[in-house]
């Protein structure tokens with residue numbers, strides 16, 4: 001039987017392949033840095049430590065449905081997440097808990113940390129250089145324009161619409177993105193996400209300033 005550590009390592013390897021392919025196509029230096037961090041995470045062979053009391057949120061009811069659309073490499077990642085689901089502890093950005101973007105946002109939003117700093121949200125594996133987890137949004141939900149100082153990659157596992165500002169004064173424009181693609185947000189770039197009928201599960205990776213939470217854009 002596959003152990004949680006083996007499942008986690010297989011998922012990291014699949015993510016590394018996707019990021020490496022995106023770097024080969026775009027040659028964006030930041031993608032190379034994410035690839036290197038994933039390589040170090042794999043080499044560390046850190047064991048998954050189950051959390052004593054994994055936390056669930058209302059949005060978790062959509063977890064399985066959000067993973068069903070994933071195919072190919074994204075499907076392999078989704079299968080790993082299904083196995084790890086009982087170990088995941090879902091949390092919310094404290095900035096949004098203090099001031100929710102909309103009345104229904106908090107019941108349709110949450111994320112779980114797979115790997116991250118020991119002083120951050122509960123993670124299955126501690127890693128000081130990379131925050132790596134899964135975002136979950138319910139159907140008909142908009143995660144409005146926001147920004148953060150960390151560089152970020154998303155790998156959606158279900159279809160959703162994503163927006164990224166092209167300049168300081170530009171309004172983000174939404175574009176539908178396929179499961180398994182790589183979405184890159186440089187530090188402090190304004191971006192947003194929204195779902196239609198299908199809930200969204202998306203892997204996220206942060207590098208750089210891992211301590212500063214995202215804030216809604218002005």
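Since every read-out is calculated from the coordinates, none of them should be taken as a lab result. Everything numeric here is computed off the predicted structure, so don't read it as measured data. Positions of Cβ are backbone-derived with ideal geometry, glycine not excepted, and every protein chain shown enters the neighbour counts.
Summarising the strand pairing of region 1-147, around 75 percent of its internal DSSP beta bridges are antiparallel.
Go through 179-185, 132-138 and give me the packing order, highest mean Cβ count within 10 Å leading.
On the way: 179-185: 19.6, 132-138: 24.3.
By packing density, highest mean first, the sequence is 132-138, 179-185.
For region 14-105, averaging the sequence separation of C-alpha pairs within contact (under 8 Å, six or more residues apart) and dividing by the residue count gives a relative contact order of 30 percent.
Over the chain, what is the relative contact order in percent, taking alpha-carbon pairs closer than 8 angstrom and at least six residues apart?
Taking the mean separation of contacting Cα pairs over the length of the chain, I get 22 percent.
Kindly identify region 117-218 as rounded, prolate or oblate by the Cα gyration tensor criterion: order the square roots of the eigenvalues as a ≥ b ≥ c, call it rounded if a/c is under 1.5, otherwise compare a/b with b/c, prolate if a/b is larger, else oblate. It would help to have the intermediate numbers written out before the result.
Values: a/c = 1.91, a/b = 1.24, b/c = 1.54.
In terms of gyration-tensor shape, oblate.
At 222 nm, what helix-only mean residue ellipticity would the chain give, in deg cm²/dmol to the nearest 500, using -39500 (n - 2.57) for each DSSP H run of four or more?
On the way: 5 runs with 62 residues, N = 218.
Computed mean residue ellipticity for the chain: -9000 deg cm²/dmol.
For the residues 162, 206, what sequence is obtained by ranking on other C-beta atoms within 10 Å, fewest first? Spell out each step's value before the answer.
Values: 162 22, 206 25.
Taking fewest neighbouring Cβ atoms as first place, the list is 162, 206.
Which residues in region 132-159 place their backbone N less than 20 Å from a point set 7 Å from the Cα of residue 2 along the Cα-to-Cβ direction? Answer for region 132-159: 132-135, 155-158. Label-to-label distance, residue 126 versus residue 104, with points set 7 angstrom from Cα along the beta-carbon direction: 4.1 nm.
How do 26, 193, 2, 46 rank when sorted from fewest to most other Cβ atoms within 10 Å of their own Cβ? Don't skip to the end; give the middle numbers.
On the way: 26 13, 193 25, 2 10, 46 16.
Least crowded to most crowded, the residues run 2, 26, 46, 193.
Remark: 218, 129, 209 ranked as 218, 209, 129, counting other beta-carbon atoms within 10 Å and listing the fewest first. Cα centroid separation, region 11-32 to region 135-214: 17 Å. Read through the labelled values [x] 118; [y] 250; [z] 189 and report the label of the one computed as volume of the Cα convex hull per residue in Å³ from the structure. Read-out taken from this structure: [x].
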